[in-house]
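Q: Take this structure first; my questions come after.
The values are calculated or read from the model by the stated rules, or taken from the named source; none is laboratory data. Since we're looking at a predicted model, the values are computed, not measured. Heads up, the Cβs are rebuilt from the backbone with ideal geometry, glycines too, and the neighbour counts pull from every protein chain shown.
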Amino acid sequence: MPIFEYLCHDCRRKFSLLVGVSAHEVAASCPRCGGTNYRKLISRIARVRSEEAIMEELADPTKIGDPENPRDLARWARKMGSALGEEGGEDFDAMVDEMMEGESHGGEEGLSGHSREEDSSDFDDDL
């Protein structure tokens, strides 16, 4: 039995309905406001893949992006975690967030623990 998504025009919310297979369509209403003014949405589909196929796709180097870019690595790490259906825990999430922040601040704090400014100040002391 398929699940269809609808958009209620009265309250502007999306809702899903499990629709049985029958010759006639059952009239439904929005579970939030009870409105009957809605339209069917085109939903995303999910394809069934084996864990091996998922791992092969994740291992594809073209899916990572630039391996030198912390943002690309963080995006890939999150995608890998969600594709495998596993939670990385707070440490993993903190590491990925740190990688993203390091790139957004113009430094590479997420990878080395030091900002570029700190690294360049070490060279100034030697001069």
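Q: Collect the residues in the stretch 5-64 that are surrounded by 13 or more Cβ atoms within 10 Å (Cβ to Cβ) and part of a strand (DSSP E or B), keeping them in residue-number order.
A: GLU5, TYR6, LEU7, CYS8, LYS14, PHE15, LEU17, TYR38
Q: Still on this structure, please answer the following. What residue, of ALA74, ALA59, ALA53, is modelled with pLDDT of 80 or more, out of contact with any helix residue (DSSP H, G or I) (no Cβ under 7 Å at 6 or more places or on another chain) and under 28 Å from ASP97 (Cα atoms)?
A: Going through ALA74, ALA59, ALA53 in turn, just one is modelled with pLDDT of 80 or more, out of contact with any helix residue (DSSP H, G or I) (no Cβ under 7 Å at 6 or more places or on another chain) and under 28 Å from ASP97 (Cα atoms): ALA53.
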